[in-house]
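Enquirer: Let me begin by handing over the structure; questions about it come next.
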Amino acid sequence: MRTFFEEFKKFILRGNVVDLAIGVVIGTAFGKIVDSLVKDIFMPIIGVLTGGFDVSGQSVMLYKDAKLNWGSFVQSLITFLIVGFCMFLVVKGVNALHKYVLKDDGTPAAEPTPTEKLLTEIRDLLKQTAGATPTAPPPGSLPPSERTPV
C-alpha cells in the first residue's frame with residue numbers, strides 16, 4: 001500500500017498535473033469574471049439600448065409548466081463569445097511574445113555531425129543508384145549457350 005501512495009505522490013507532483021490544476025482554477029475564476037461582466041455590465045447596457053428589455057429573463061411557455069428560457073441561452077452565448085475573444089487575444093499576445101523572444105539573431109545553423117554527413121552521403125548514393133539500376137535483358141535475347149536451365 002505504501003508504494004501506491006508513493007506512486008500517487010510522484011504522479012501528483014509532476015509539473016504537468018500541477019500546471020493543469022492551476023489552469024483549471026484560473027479558468028474557473030476567469031469564467032466567473034466574464035459571467036459577471038456579461039450579467040452586470042453588458043446586459044444592462046443592452047437593456048438600455050433596447051428600451052428596458054431584459055434579455056436574461058425572457059422565455060416562451062411551451063406547454064403547462066414547460067418553459068423555453070431563450071434569454072438565458074442568449075446571455076450564455078454572449079458569455080461564450082466574450083471568453084472566445086479573450087482567449088483569442090491571449091493566444092495572439094503569446095504568439096507575438098514568442099516571435100519577439102525567439103527572433104532570428106543571425107547566428108548560422110550548427111554544422112552537421114560526421115555521422116549526419118555520412119548518412120547524407122549514403123542517402124544521396126542510394127538515390128543515384130536507384131535511378132540507374134540496370135534492367136534485365138528481355139527474354140530470348142541471350143544466345144542459347146548463356147541461358148540457364150530452369
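The values are calculated or read from the model by the stated rules, or taken from the named source; none is laboratory data. Given the structure is predicted, the values throughout are model-derived calculations rather than measurements. Using ideal geometry, Cβ is built from the backbone for each residue, glycine included, and neighbour counts are taken over all protein chains shown.
Residue-by-condition table, conditions (1) of a type in the set (A, V, I, L, M, F, W, C); (2) out of contact with any strand residue (DSSP E or B) (no Cβ under 9 Å at 6 or more places or on another chain):
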| site | (1), (2) |
| --- | --- |
| MET1 | yes, yes |
| LYS10 | no, yes |
| LEU13 | yes, yes |
| GLY52 | no, yes |
| VAL55 | yes, yes |
| TRP70 | yes, no |
| PHE73 | yes, yes |
| LEU97 | yes, yes |
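Residue by residue, here is whether (1) surrounded by 10 or more Cβ atoms within 10 Å (Cβ to Cβ); (2) modelled with pLDDT of 80 or more; (3) of a type in the set (Val, Ile, Thr) holds:
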residue	(1), (2), (3)
THR113	no, yes, yes
LEU118	yes, yes, no
GLN128	no, yes, no
GLY131	no, no, no
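Enquirer: A further question on this structure: I'd like to check something: does the stretch 82-98 contain any residue that is surrounded by 11 or more Cβ atoms within 10 Å (Cβ to Cβ) and touching an Asp or Glu at 6+ places or on another chain (Cβ under 8 Å)?
Expert: For the stretch 82-98, residues surrounded by 11 or more Cβ atoms within 10 Å (Cβ to Cβ) and touching an Asp or Glu at 6+ places or on another chain (Cβ under 8 Å): absent.
Enquirer: Follow-up question, since we're still on this one. I'm told ASP54 meets every condition in (1) within 34 Å of the chain's Cα centre (by Cα); (2) at pLDDT below 85 except one. Can you identify the failing condition by its number?
Expert: Evaluating ASP54 over (1) within 34 Å of the chain's Cα centre (by Cα); (2) at pLDDT below 85 leaves (1) as the failure.
Enquirer: Same structure again: Could you grab me the full set of residues in the stretch 49-71 that are out of contact with any helix residue (DSSP H, G or I) (no Cβ under 9 Å at 6 or more places or on another chain) and either surrounded by 10 or more Cβ atoms within 10 Å (Cβ to Cβ) or among the hydroxyl-bearing types (Ser, Thr, Tyr) (or both)?
Expert: Result: THR50, TYR63, LYS67, LEU68, ASN69, TRP70, GLY71.
Enquirer: Something else: As an exercise: evaluate PHE88 against (1) within 30 Å of ASP40 (Cα to Cα); (2) at pLDDT below 80; (3) not acidic (Asp, Glu) and give the number of the one condition it does not meet.
Expert: Looking at each condition in turn, PHE88 falls short on (2).
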